[in-house]
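No value in this document is a laboratory result; all are computed from the given coordinates. Note that this is a predicted model, so its numbers are computed, not measured. FYI the Cβ positions are ideal-geometry reconstructions off the backbone, even for glycines, and counts take in every protein chain you see.
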Amino acid sequence: MQIDVLLIGQGLAGSLLAWELLQRQLRVLVVDNGTENASQVAAGLINPVTGQRLVTQSDLETLLPTAMHAYRQLGIKFGQTFYTDMPMLKILRNDQERGIAERRLAQSEYCDYFAGFTSAPAGVYAPRGVLQQRQTGYLRTEALLSQLREFLQSKNCYRCDSLQYSDIRLEPTLLWRGLSPLNIVFCEGFQAIANPWFKYLPFQLAKGEILGCESAPELPDYILNYGHWLIPLGANRFKTGATFDRVQLNTLPTEAAKASLLASLRAVCPQQQTPDVYEHRVGIRPATLDKQPFIGRHPRYPQLYIFNGFGAKGSLAIPWYAARFADYLQQIADLPHRCDIRRFDETHFPA
Ligand SMILES: Cc1cc2nc3c(=O)[nH]c(=O)nc-3n(C[C@H](O)[C@H](O)[C@H](O)COP(=O)(O)OP(=O)(O)OC[C@H]3O[C@@H](n4cnc5c(N)ncnc54)[C@H](O)[C@@H]3O)c2cc1C
């Protein structure tokens, strides 16, 4: 059987790319090994202004509207709400953060993203003040992936299987288990570091842990951001996360991460002394050394592609880059240079 694209991985990257390619009438098969992935673990937060210096994410003006449009359209198509708009309260932790917040509030280019200083909600300790952010919210990634998997299955475009690289025949044409794809696109998340064709790319993976908690004291109706974050989910439940570890790159939950998340929560919400932790999940972010995605065609095997490297901001970035990738595959437009893997020197490729 001939198909246009064999796509490996059904995380957020593979799912949204498959959706984009199917909208363009391409014949697609998605293969995923069915293990828990970073996208299912992720909080799905979209936060236009991040970091201690409160700077806008690069290319925000294109990424944000595209992401909002995509999640709205998917919500309409499947009759569900995948993206929840929710204002975020940035708890200012020291005088430096307060000073930066004051400067940003005076800058007109930030006025779409900040509503101004506000008072701390009941139960929140914020002696340096609170900055209210706008255009923030979170994607229910797990629900979206599950819905898209069902959709792909209904179109015979999904297979639960683990791809072995040695099963791929490259010459004279691609062949994998009796299938003749014109192209293979790898969307393997962090597992790309084992991919023989793309492992040369400088990934900089980061493990993250997240807790699902239940609490008797009332929760605010806002996302709280205090270095870590809290997302209220309703019915006294909330998520808090996420840790960031570039050293222990495994998917084992640790007591140290749990203790650190609960300690920083207690510092801001003193009433949350002993929330009931009903869930503790771990994932590995496919982050990259230069903080830009890894997208493009293999320099020696032009029928092999990668769509990966979305780091800690997959929810914001993937919808826009999925459309750029599809344009590139269909030879409608070249890739933006910043994400194109041609930015890495070919001489570094292994023989
Ligand atoms: C703790 C944590 C919190 C996060 N919070 C946020 C957040 O708030 N906001 C945000 O935007 N991002 C967040 N992220 C980042 C986000 O998860 C990633 O940007 C995004 O999920 C990456 O998606 P992906 O599809 O590239 O990778 P993944 O979700 O890891 O998907 C890759 C898929 O490929 C499959 N696969 C790999 N190899 C094979 C093979 N050989 N055969 C078959 N299948 C294979 C895997 O099983 C997996 O299903 C967070 C990540 C973590 C870990």
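Kindly express, to the nearest 10 degrees and within the range 0 to 90, the angle between helix 255-268's C-alpha long axis and the longest C-alpha principal axis of the chain.
40 degrees
In degrees, nearest 10, range 0 to 90: what is the angle between the Cα axis of helix 314-329 and the longest Cα principal axis of the chain?
For helix 314-329, the angle is close to 20 degrees.
Mind sorting THR56, THR240 by how few other Cβ atoms lie within 10 Å of their own Cβ, fewest first?
Values: THR56 17, THR240 24.
In increasing order of surrounding Cβ atoms, one gets THR56, THR240.
THR84: net charge of surrounding residues, Cβ under 15 Å, Lys/Arg +1, Asp/Glu -1, itself excluded? It would help to have the intermediate numbers written out before the result.
On the way: positive: ARG72, ARG134, ARG140, ARG237, LYS239; negative: ASP85, GLU142, ASP221.
Within the 15 Å Cβ shell, the charges total +2.
What does the highest-first list of 186-195, 335-344 look like by mean Cβ count within 10 Å?
The most tightly packed comes first, giving 186-195, 335-344.
Treating only the Cβ atoms of Lys and Arg (+1) and Asp and Glu (-1) as charged, compute the dipole magnitude of the chain about its Cα centre; round to the nearest 20 debye.
Values: 35 positive and 32 negative charges, 38 e Å.
Dipole size: approximately 180 debye.
If you restrict to DSSP beta bridges whose two residues both lie in the chain, what percentage is antiparallel, to the nearest 5?
Antiparallel: roughly 70 percent of the beta bridges in the chain.
Going by how many other beta carbons lie within 10 Å of each one, how would you line up TYR305, TYR222, TYR125, fewest first? Intermediate results must be reported in sequence, preceding the final value.
Working: TYR305 25, TYR222 20, TYR125 13.
Ranked by crowding around the Cβ, least crowded first: TYR125, TYR222, TYR305.
Within 10 Å of each residue's Cβ, count the other Cβ atoms and sort LYS90, LYS155, LYS239 from fewest upward.
With the sparsest Cβ surroundings first, the list reads LYS155, LYS239, LYS90.
Taking 22 Å as R0, compute the FRET efficiency from the Cβ-Cβ separation of ALA106 and VAL55 and round it to 0.05. Walk me through the numbers before you get to the answer.
Details: r = 15 Å, r/R0 = 0.68.
That gives a FRET efficiency of 0.90.
Give the angle, between 0 and 90 degrees and rounded to the nearest 10, that separates the Cα long axis of helix 12-23 from the longest principal axis of the Cα atoms of the chain.
Relative to the chain, helix 12-23 is tipped by roughly 60 degrees.
Tell me which lysines have Cα within less than 29 Å of LYS77's Cα, excluding those fewer than 8 residues away on the same chain?
Filter leaves LYS155, LYS239, LYS313.
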